[in-house]
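**Student:** Below you'll find the structure I mean.
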Ligand SMILES: Nc1ncnc2c1ncn2[C@@H]1O[C@H](COP(=O)(O)OP(=O)(O)O)[C@@H](O)[C@H]1O
Ligand SMILES: [Mg+2]
């Protein structure tokens, strides 16, 4: 196929106004690169937050008794939790699933007491699911078949002034409202680096929990999925497959404050990207308009020769298109290195926090922040750049198309 | 034979209004041009030559009067219809050459053919016309690599490439020296004689007037004189 003269005209015009073109391309490239970097940042943040949330024992999904959705009572239990757990584990989208049973209780040692949310866990799967108790500072984690043991956070141990092998008195209100107590031996002390988290960890086995509370079974099943991006679909499929007396919640419903935090950051990024691109757009528009004014006689001649408005607009938009493709490429060249570095090396925030862990609403967050890097950069660079250049060419194109053809015959003396 | 009438003007007037100032560029022009005319429009500066060519070329519309070009009533046409009339039937040559600066001579000629919707043959047609005007060797040059005379010949090639019925030229030699003016006018005459293309051009230059077979004199927006010569040629050599 031969290149049409209109196309050559568009290309050559960009080349003739080389300085304008180069400045425009640099402008688009910088704007685009900056936007890609910011989007990489917030994408990385959302991914990290979600991962941290999922791995802090909350999972991506939670199966709870249907009633819980309304009353959010820790005393509710899933009667058929074993069969649901089976169902979960056989679902190919689910990476891991674990049962939990929660209960508010009071820990006491000597004269000291502390109120906590005690969590009954399945020791065989909990450590793999929960980064808070994966590497303990002292001792070891709960074991299947061992009775009367507890793992607490460092902060709890300090406040109660206890050590490994000390026996804590735990008191809860049982199913009938009666006080029920037991002695638990501390087998492990967890240390996450975050005081907030270390003051909240208190794990016992589910069987101890059942014995203590006389409430049977698990209150919830927590699941980590293989592909967080398909979470919505997985949740829907599960909810259709599971019995009606239980409900499937996603992390957004379990931790709304986290979801809205991420949403706020995403919105800010979108807004910033929008503003940056509008600034770029106005810059190109003004450069294009100046060029159009310079080429007034040229357009008058083309119009005198019989070129239709639509054709001229098309040619001007083609100039925008070419500018956009080059700008997007430059945007990638500028944006890829920092985005890649942010994604691979990341930024280590532990320095700023004096080496302690960072936690947000009971979630332990990695101290090394990592951005996102992927194929999405490529289409996005061109979408941003082409949107900016084509939109910014519209007004100059329309303006050019209005040139009076009679100007062509008039000679400026 | 009325079918051979290309341009027919009756009482054509044109008033330019700039702010409160009115300029009466044409004050009632009655004239006809026929197929095959090779006519010069002469007259002092400001007499309305450019204005008249603008109207005949459907670049602008008259304030009053009737103007028919190739059977079309110009004042009744939309902008787009006028653009199509110019594209398909009228060629233009401008005083300031006005080639598209970023395109080569060949591309400048091809551009018009492409606008007309000509397909693969447009490249050959452009070459052919450029050769006719003695520009074979310059077809891949940009306007800034050509002399004024060469640029104006490219402009003529561009004007005639699409086989228009009518070519309008506003002071085509004003920026050329005597020798180049002669070359250009001879070529225009050849095209007129060989292909029957009608030419109407305005000029100041007495040398150029001698090439014309018909000389229309405009004074102050009115036709002062309209002479058709009997002899076919009378060049100023
Ligand atoms: N666009 C315009 N606006 C206002 N006045 C104009 C315009 N074009 C031409 N005129 C006026 O119309 C008259 C005729 O101009 P023109 O047709 O250019 O004459 P010529 O080409 O013979 O020199 C002049 O008085 C000129 O000032
Ligand atoms: Mg004039």
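The values are calculated or read from the model by the stated rules, or taken from the named source; none is laboratory data. Note that the structure is predicted; figures quoted are calculated from it, not measured. Note that each Cβ is placed from the backbone with ideal geometry, even for glycine, and that neighbours are counted across all protein chains shown.
**Student:** So, residue B:80, is that one away from ligand 1 (no atom under 11 Å from the Cβ), buried (at least 22 other Cβ atoms within 10 Å of the Cβ) and within 12 Å of chain A (Cβ to nearest Cβ) or not?
**Tutor:** no
**Student:** Still on this structure: What single numbered condition from (1) in contact with a helix residue (DSSP H, G or I) (Cβ under 8 Å, 6 or more places away or on another chain); (2) surrounded by fewer than 22 Cβ atoms within 10 Å (Cβ to Cβ) fails to hold for residue A:56?
**Tutor:** Only one criterion is unmet by residue A:56, namely (2).
**Student:** In this structure, is residue A:274 within 14 Å of chain B (Cβ to nearest Cβ) and free of Cβ contacts under 8 Å to residues at least 24 places away in the same chain?
**Tutor:** Criteria not met by residue A:274.
**Student:** Residues to consider are A:155, A:220, A:178, A:195; find the one that is out of contact with any strand residue (DSSP E or B) (no Cβ under 6 Å at 6 or more places or on another chain) and in contact (Cβ under 8 Å) with a residue 60 or more places away in the chain. I'd like the intermediate steps shown before the answer.
**Tutor:** On the way: A:155 fails: in contact (Cβ under 8 Å) with a residue 60 or more places away in the chain; A:220 fails: out of contact with any strand residue (DSSP E or B) (no Cβ under 6 Å at 6 or more places or on another chain); A:178 fails: in contact (Cβ under 8 Å) with a residue 60 or more places away in the chain.
Matching residue, one of A:155, A:220, A:178, A:195: A:195.
**Student:** With respect to residue B:189, determine if the residue is more than 14 Å from chain A (Cβ to nearest Cβ), more than 23 Å from residue B:55 (Cβ to Cβ), away from ligand 1 (no atom under 16 Å from the Cβ) and touching a residue at least 60 places away in the same chain (Cβ under 8 Å).
**Tutor:** yes
**Student:** Restricting to strands (runs of 3 or more DSSP E) lying wholly in region B:4-81: which have 1 or more residues that are more than 20 Å from residue B:226 (Cα to Cα) and either within 16 Å of ligand 2 (Cβ to nearest atom) or out of contact with any helix residue (DSSP H, G or I) (no Cβ under 6 Å at 6 or more places or on another chain) (or both)?
**Tutor:** Filter on region B:4-81 gives B:5-18, B:21-34, B:64-69.
**Student:** Separate question: Of the residues A:50, A:23, A:14, A:41, only one is under 30 Å from residue A:338 (Cα atoms), in contact with a helix residue (DSSP H, G or I) (Cβ under 9 Å, 6 or more places away or on another chain) and within 14 Å of another protein chain (Cβ to nearest Cβ); which? Walk me through how you get there before you give the answer.
**Tutor:** Values: A:50 fails: within 14 Å of another protein chain (Cβ to nearest Cβ); A:23 fails: within 14 Å of another protein chain (Cβ to nearest Cβ); A:41 fails: within 14 Å of another protein chain (Cβ to nearest Cβ).
Going through A:50, A:23, A:14, A:41 in turn, the sole match is A:14.
**Student:** Sort through B:88, B:98, B:124 and tell me the only one that's at pLDDT below 95 and more than 9 Å from chain A (Cβ to nearest Cβ). If you could, list the steps in order and put the result at the bottom.
**Tutor:** Numbers: B:88 fails: more than 9 Å from chain A (Cβ to nearest Cβ); B:98 fails: more than 9 Å from chain A (Cβ to nearest Cβ).
Being at pLDDT below 95 and more than 9 Å from chain A (Cβ to nearest Cβ) holds for just one of B:88, B:98, B:124, which is B:124.
**Student:** One residue is enough: does region B:62-75 have a residue meeting the conditions within 13 Å of chain A (Cβ to nearest Cβ), within 15 Å of ligand 1 (Cβ to nearest atom) and surrounded by fewer than 19 Cβ atoms within 10 Å (Cβ to Cβ)?
**Tutor:** no
**Student:** Quick one: which of B:205, B:170 is over 20 Å from residue B:131 (Cβ atoms), in contact with a strand residue (DSSP E or B) (Cβ under 7 Å, 6 or more places away or on another chain) and within 16 Å of ligand 1 (Cβ to nearest atom)?
**Tutor:** Answer to the selection: B:170.
**Student:** Check residue A:66 against each of (1) farther than 20 Å from residue A:251 by Cβ; (2) in the same structural domain as residue A:216 (by TED's automatic domain parsing) and name the one condition it does not meet.
**Tutor:** For residue A:66, the failing item is (1).
**Student:** Then there's this: Name, by its number, the condition in (1) under 21 Å from residue B:106 (Cα atoms); (2) without any contact (Cβ under 8 Å) to a residue 60 or more places away in the chain; (3) in contact with a helix residue (DSSP H, G or I) (Cβ under 6 Å, 6 or more places away or on another chain) that does not hold for residue B:176.
**Tutor:** Just one mismatch for residue B:176, condition (1).
**Student:** Cβ-Cβ below 7 Å, separation at least six or inter-chain, first residue in region B:34-50 and within 14 Å of chain A (Cβ to nearest Cβ), second assigned to a loop (DSSP other than H, G, I, E, B) and within 9 Å of ligand 1 (Cβ to nearest atom): which pairs?
**Tutor:** From region B:34-50, the pairs are B:48/B:221; B:49/B:43; B:50/A:409; B:50/A:410.
**Student:** Output the residue which, of all residues in region B:102-117 that are more than 7 Å from chain A (Cβ to nearest Cβ) and touching a helix residue (DSSP H, G or I) at 6+ places or on another chain (Cβ under 7 Å), is surrounded by the most Cβ atoms within 10 Å (Cβ to Cβ).
**Tutor:** Looking at residues that are more than 7 Å from chain A (Cβ to nearest Cβ) and touching a helix residue (DSSP H, G or I) at 6+ places or on another chain (Cβ under 7 Å), I get B:109.
**Student:** Can you list the strands (runs of 3 or more DSSP E) lying wholly within region B:135-237 that have 1 or more residues being surrounded by 22 or more Cβ atoms within 10 Å (Cβ to Cβ)? Step through it out loud before you land on a result.
**Tutor:** Details: elements: B:166-170, B:198-202, B:214-219, B:222-228.
The qualifying strands (runs of 3 or more DSSP E) are B:166-170, B:198-202, B:214-219.
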